Amino acid sequence: MKIQRQQHQSRRQKFYRQVMVILLVLQTLLLGVQAKSRIQQGDSAIEVMIWLINQYIPVLQKVKGLEDEDKKSKE
């Protein structure tokens, strides 16, 4: 019974991680679209790149957190 519960929790955690990955990919794509829009509106490419880097930092932090969780769950 306890093993089944752990397997169920493991599958649920894996599902949540997969959903998080999909959402992070979607967020990345939307940032790219928004950056393109900013360039078309007249912002300089340098300004957009700085803005984009600042937007990607939280995304990268979330990815790192997911990697850390994955390593802990495998140990």
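Worth pointing out:
- Taking 7 Å steps out from each Cα toward its Cβ at Ile39 and Ser73 produces label points 3.6 nm apart.
- For region 21-35, 3J(HN,Hα) per residue [Karplus equation, 6.51 cos²θ - 1.76 cosθ + 1.60, θ = phi - 60°, Hz, x = Gly/Pro]: 4, 4, 5, 5, 5, 4, 4, 4, 4, 5, 5, x, 5, 5, 5
- Multiplying the residue separation of Tyr16 and Lys64 by 0.36 nm and subtracting their alpha-carbon distance yields 15.7 nm.
- Full extension of the chain between Tyr56 and Gln27 gives 9.5 nm of extra length, using 0.36 nm per residue less the Cα-Cα distance.
- Nearby lysines by direct alpha-carbon distance to Lys62 (threshold 16 angstrom, same-chain neighbours under 8 apart not counted): Lys14, Lys71, Lys72
- Solvent-accessible surface of the chain, averaged per residue with a 1.4 angstrom probe and all protein chains in place: 86 square angstrom.
The values are calculated or read from the model by the stated rules, or taken from the named source; none is laboratory data. Treat the numbers as computed from the prediction; the structure is a model and nothing was measured. With ideal geometry, Cβ positions are generated from the backbone for all residues, glycine too; neighbour counts draw on all protein chains shown. Only protein heavy atoms, including side chains, enter the accessible area calculation; ligands, DNA and RNA are left aside. Shrake-Rupley method; radii C 1.70, N 1.55, O 1.52, S 1.80 Å.
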